[in-house]
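The values are calculated or read from the model by the stated rules, or taken from the named source; none is laboratory data. Model, not experiment: these values are computed from the prediction. Reconstructed Cβ throughout: ideal geometry from the backbone, glycine too, with neighbour counts over all protein chains shown. Side chains included, ligands, DNA and RNA excluded: accessible areas come from the protein's heavy atoms. Shrake-Rupley method; radii C 1.70, N 1.55, O 1.52, S 1.80 Å.
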Amino acid sequence: MKKLFKWILGLVALIVLALVITGGIAFYLLDSDNLKSRLVAAVKQQTSADLTIQEDISLSFFPWLKVNTGGVKLSNPQGFSNKTNLAEIDKLSASIKLMPLFSGQIEVGAIELQGSQLNLIRDRKGRSNLDLMLTNAQKSAPIEQDDKTKKAKGDEQSAVDLNSLSIEQIALSRFELNQYDARGNLTQNFSLENFAIDHFAFDQWTPISAQGVFNSGSGKTKANWQLDTELKVAAGAKAFELKNLSAAMTNMSNKLEELRLTGQSKLTLNQKDTKVSHQGRLNLAGQDFEVDLNATFSTFKDVALSLKTGDWDLTPWLVAGGDSGAEAKPSSPLDTKPIADFLKTARLKGHLEVANLTIDKLKLANVSADLSNKGATLWLKPFKASAFKGSLSTNASVNFASKPLALSLQPAMEKIEIGDMISQLFEINRLSGLGSLNLNMNTKGLELKQMLANLNGTGSVNLSDGALLGLDLNKLIQSGISLDLLKGAKAYDGKTSFASLNSDIKANQGVIDLNNLALTTQLFDLTGKASTNANTESISGNFSLQLKGSLKQLLEQKYPQLAGSDLPLELKGSWTEPRPSIDFESLLKAKYKSQVDDKIEKEKDKLEDKLKDKLKDKLKLKFD
């Protein structure tokens, strides 16, 4: 919207420039060279800018004063670089009625500009070259005379009132609006081929329609734009209103095909800033938002923004992919550089509400977030949502300048169904349970797989009344005790219900360690450490089993020597096929250890007895 308003501002400036020329002609009615010198001097005195008119000024008279000229250039006011002119016009044609001028009225027939250009620059203090020129013109305007002075000059004609200006038509062709930063670098360019306004007057609604092309300073963005609205310009050209607005930009980026803004807008021009407000709707690539915007554009862009929408699927924006078909070509993820560039010069305060949000496989409801930024980093603080049959609250940040995109999350999830989360994110059904998940993580990337591969941070998980699905550890332990080894799918049939599952979490570049893991069931307690690698989707772990109830009785009956001992459990495999196993070699050693020890003791006693007998015999023979 700022760019559209700047375009309107540029249009007004060109109108003012044309009026200076035609008004000067009507006032002086002199030859071309004399007229040009007077106009140049007047513009210099009133604005501190240099006016150049390269072509002769041709005139025609009554009832319309018509003027044609070309090669018009208006420099920047003092304090701005003159490497780029404020305005340039290849061809100018304007007409004005003579008779109304005598009563202080300005009735312009038509203003036609061909090959015109307006260049907007803000210096390091936030001043605009156009704002400064208009301010200088206002300061140099004649001061209102008191009653005595007016009476003394009663025979003098009253000044022409620009607020009474009316224009039959304004027509532009090949118009360009360029915006530069304080260093003189081109940041953006608006251009249009043809544009016309009919029956313009201050404080009246005038329909306008235009279309053209927008180019970013880097040349990476080339978008088509279109504007249809009704415009009202307040007297003095410092305030603008737009109603029934329909503004659209297409082909903005690989992911953002179209941006459309509808509703009502207001623009106010001050000496040091431009204020913009808009209430209506914003459509981003088919996604419709209710929008309430209040912004101030100066050295920084101070933006207060409220967005509200229903169902929003972010997946097409984030995930690279193509259309289905044999010749489908994958597209690139969202280009985040334009967002980063905007945030670097903005101070954002906003609020976002989404009824249902989808991010790849993740589904959230009742989403709300307060928005702010620090440089190119956008903060969602706090971010709240209903998720996994529970609640999610977090402080999150997104660094749009990072490649790939950098995210930081500190989610606190309460009363969530962990199985819903795992099945949504990883499309596997291996765990259920109600509980909490607290994380302090950061990662990079736009797709889930890339985010997991770059995951770093710490956290904890606490679940109750859940189950390990597709894995019956009770059956596995029982078969191990009886040495009836289970093979194939039978080893993983069923489930293991648990009363609680707790663990600390530590992630390092996609390798996630579950430290101090503790699982409590009716028949055993399991403690140990597990690890999973998100890059390979592999899992591993080593645990100790403390049996209880019937399993403990079964173990002690078969292996009395193992009473009170822990059993080792090893876990290997993948997310989809975990393979737990008990160390049966240790069990076998335990089974036969006492028998071996008894036999060794018996053999040892026999050898000692034999040695004693032999020693006695030798001693007896010696003394005999």
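Here are some notes:
- For ASN373, the stated conditions do not hold, so it cannot be described as touching a helix residue (DSSP H, G or I) at 6+ places or on another chain (Cβ under 8 Å) and farther than 30 Å from LYS301 by Cα.
- Qualifying positions in the range 183-213 - outside any strand (DSSP E or B) and open to solvent by less than 40 Å² (accessible area, probe 1.4 Å): PHE202
- Residue-level check: of (1) modelled with pLDDT of 90 or more; (2) touching a Leu at 6+ places or on another chain (Cβ under 6 Å); (3) among the basic types (Lys, Arg), LYS506 misses just (2).
- Residue that is at pLDDT 95 or above and either under 19 Å from LEU452 (Cα atoms) or surrounded by fewer than 17 Cβ atoms within 10 Å (Cβ to Cβ) (or both), where the choices are ASN356, ASN399: ASN356
- One residue stands out among those in the range 436-447 that are under 19 Å from ALA387 (Cβ atoms) and touching a residue at least 40 places away in the same chain (Cβ under 8 Å): the one that is most open to solvent (accessible area, probe 1.4 Å), which is LEU439.
- Being out of contact with any helix residue (DSSP H, G or I) (no Cβ under 6 Å at 6 or more places or on another chain) and aliphatic (A, V, I, L, M) holds for only one residue in ALA518, ALA534, and it is ALA518.
- Some residue of the range 520-532 being open to solvent by less than 40 Å² (accessible area, probe 1.4 Å) and either over 19 Å from THR496 (Cα atoms) or out of contact with any strand residue (DSSP E or B) (no Cβ under 6 Å at 6 or more places or on another chain) (or both): yes
- Candidates SER277, SER298 - the one that is open to solvent by less than 30 Å² (accessible area, probe 1.4 Å) and at negative phi: SER277
- Test for SER538: is it farther than 30 Å from LYS403 by Cα and surrounded by fewer than 18 Cβ atoms within 10 Å (Cβ to Cβ): no
- Check on ALA406, open to solvent by less than 30 Å² (accessible area, probe 1.4 Å), under 23 Å from the mean Cα position of the chain (by Cα) and over 21 Å from ASP311 (Cα atoms): yes
- Residue that is farthest from the chain's Cα centre (by Cα) [pool: residues in the range 341-362 that are outside any strand (DSSP E or B) and either farther than 20 Å from ILE418 by Cα or among the polar types (S, T, N, Q) (or both)]: THR345
- Test: LEU92 is assigned to a helix (DSSP H, G or I), crowded, with 17+ Cβ neighbours inside 10 Å, in contact with a helix residue (DSSP H, G or I) (Cβ under 7 Å, 6 or more places away or on another chain) and at pLDDT 75 or above: no
- Residue match in the range 310-320 (condition: among the hydrophobic types (A, V, I, L, M, F, W, C), assigned to a strand (DSSP E or B) and at pLDDT 95 or above): no
- Number of positions in the range 511-539 that are assigned to a strand (DSSP E or B) and either aliphatic (A, V, I, L, M) or under 22 Å from LEU439 (Cα atoms) (or both): 19
- Only strands (runs of 3 or more DSSP E) whose full extent lies in the range 363-456 are considered here, and the ones with at least 3 residues that are among the charged types (D, E, K, R) are 412-417.
- Taken together, LYS83, LYS73, LYS3, LYS44 contain a single residue that is modelled with pLDDT under 65, surrounded by fewer than 21 Cβ atoms within 10 Å (Cβ to Cβ) and under 30 Å from THR268 (Cα atoms), which is LYS3.
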